[in-house]
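Have a look at the structure below before the remarks.
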Amino acid sequence: MKSTVITIDIKTKGSLENDFTGSIFRGWLGFILKCNPKRSCIECTESPLCPYFMVFKEQTDIKPFSILSFKKDEFIRNFIKIHGDRRKFVPKILSCIKDKASSKHFGGLEYSIESLEAKNIEIPKIKLSESTTIIFVSPLHLLRNRRTEVIPSFSSLLASSVRSFNRITKYYDQENYPYRISDDLLNSDIPIHDFDIKTVKFSHSTMDDKSITLEGSIGWVKYDTSSAPNEAGDILKIGEALQIGKHTTYGLGGFLINTEA
């Protein structure tokens with residue numbers, strides 16, 4: 001499956017109070033991309049050609065995008081990941097960002113866009129080493145048997161990665177649907193070597209004045225992947241590219257893979 005990744009480096013005049021910038025970035029995108037905040041998109045005759053409606057307000061529960069945002073040095077680094085056939089709206093999205101950004105604020109602060117980049121990617125393959133550390137760069141909220149996994153098992157990471165892929169490709173890239181994983185791999189018992197995890201909770205207010213609770217685990221977990229099949233690395237790479245768990249369209253579920261010899 002192909003995706004387009006838009007990267008935006010933002011520098012604010014002053015420090016943001018909120019450590020979690022995903023919800024701020026989500027709100028900023030809404031104001032930047034919606035042509036008229038007071039008009040309903042459903043009533044608009046131009047909705048089928050509108051990137052805001054067709055990507056960010058897609059009427060199915062499965063959205064064709066995810067976002068990721070975190071503080072990096074003196075910048076806020078932001079990613080918009082748009083998947084499958086909805087990548088065709090990327091040129092209009094870039095134009096909206098470029099043309100309208102200067103008239104808005106970011107988290108209540110004046111700002112400047114230091115860098116705006118976009119590229120198409122295909123999910124690469126990766127070979128795991130003896131141990132693998134998963135770094136959660138935004139809160140991860142995974143459920144297993146209706147219970148929250150504060151420290152996710154390796155098999156839960158795999159299952160959630162495949163689930164994210166199949167949910168997206170079913171609607172937006174049917175040529176690559178479905179990805180099937182064996183029960184043996186799905187139920188593999190990969191030990192946890194070490195971890196440093198904490199739970200966090202944030203509140204996000206939507207343009208409709210609704211409040212959404214965003215919560216999950218941040219930190220890192222090191223797994224003993226010495227016996228993990230080669231396919232496990234490829235599946236983790238899918239999850240890294242798409243983000244996993246709840247509220248990925250609000251910036252949750254982002255992680256990085258660090259393989260160690």
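The values are calculated or read from the model by the stated rules, or taken from the named source; none is laboratory data. Keep in mind it's a predicted model, so treat the numbers as computed, not measured. Note that we place each Cβ from the backbone using ideal geometry, even for glycine, and neighbour counts take in every protein chain shown.
Residues in the range 1-33 that are within 22 Å of SER203 (Cα to Cα) and part of a loop (DSSP other than H, G, I, E, B): GLY14, SER15, LEU16, GLU17, ASN18, ASP19, PHE20, THR21.
On the stretch given as the range 164-207, residues that are within 22 Å of the chain's Cα centre (by Cα) and of a type in the set (Asp, Glu) total 2. Per the listing PHE136, PHE165, the residue uniquely assigned to a strand (DSSP E or B), modelled with pLDDT of 95 or more and crowded, with 18+ Cβ neighbours inside 10 Å is PHE136.
Looking across the range 248-261, the residues that are assigned to a loop (DSSP other than H, G, I, E, B) and within 8 Å of the chain's Cα centre (by Cα) come down to GLY251, LEU252, GLY253, GLY254. Might you let me know whether the range 183-193 holds any residue that is in contact (Cβ under 8 Å) with a residue 24 or more places away in the chain, in a helix (DSSP H, G or I), under 29 Å from GLY84 (Cα atoms) and in contact with a Phe, Trp or Tyr (Cβ under 9 Å, 6 or more places away or on another chain)? Within the range 183-193, none of the residues are in contact (Cβ under 8 Å) with a residue 24 or more places away in the chain, in a helix (DSSP H, G or I), under 29 Å from GLY84 (Cα atoms) and in contact with a Phe, Trp or Tyr (Cβ under 9 Å, 6 or more places away or on another chain). Among residues of the range 88-114 that are free of Cβ contacts under 8 Å to residues at least 60 places away in the same chain and under 20 Å from CYS35 (Cβ atoms), those with a Cβ under 9 angstrom from a residue that is among the hydroxyl-bearing types (Ser, Thr, Tyr) and loosely packed, with under 14 Cβ neighbours inside 10 Å, sequence gap 6+ or separate chain, pair up as SER102/SER112. Of all residues in the range 100-133, those being at pLDDT below 90 and charged (D, E, K, R) number 2. Within the range 68-75, is even one residue at pLDDT 95 or above and under 22 Å from ILE238 (Cα atoms)? Yes, some residue in the range 68-75 is at pLDDT 95 or above and under 22 Å from ILE238 (Cα atoms).
Name the residues in the range 195-253 that are out of contact with any Ser or Thr (no Cβ under 8 Å at 6 or more places or on another chain) and closer than 23 Å to PHE31 by Cβ, would you? Residues satisfying the conditions are THR206, MET207, ASP208, ASP209, LYS210, HIS247.
Taken over the range 225-245, the residue count meeting the criterion of being at pLDDT 95 or above and assigned to a loop (DSSP other than H, G, I, E, B) is 4.
Each row is one residue, and each column tells you yes or no for (1) hydrophobic (A, V, I, L, M, F, W, C); (2) surrounded by fewer than 17 Cβ atoms within 10 Å (Cβ to Cβ); (3) in the same structural domain as HIS204 (by TED's automatic domain parsing).
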residue	(1), (2), (3)
SER15	no, yes, no
ASN18	no, yes, no
ILE32	yes, no, no
CYS44	yes, yes, no
TYR52	no, no, no
GLU58	no, yes, no
LYS63	no, no, no
LEU68	yes, no, no
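Screening LYS38 against (1) assigned to a helix (DSSP H, G or I); (2) loosely packed, with under 12 Cβ neighbours inside 10 Å leaves a single unmet condition, (1). Screening the candidates LEU157, LEU214, LEU186 for the property of being surrounded by 13 or more Cβ atoms within 10 Å (Cβ to Cβ) and in contact with a Lys or Arg (Cβ under 8 Å, 6 or more places away or on another chain) yields one hit, LEU214.
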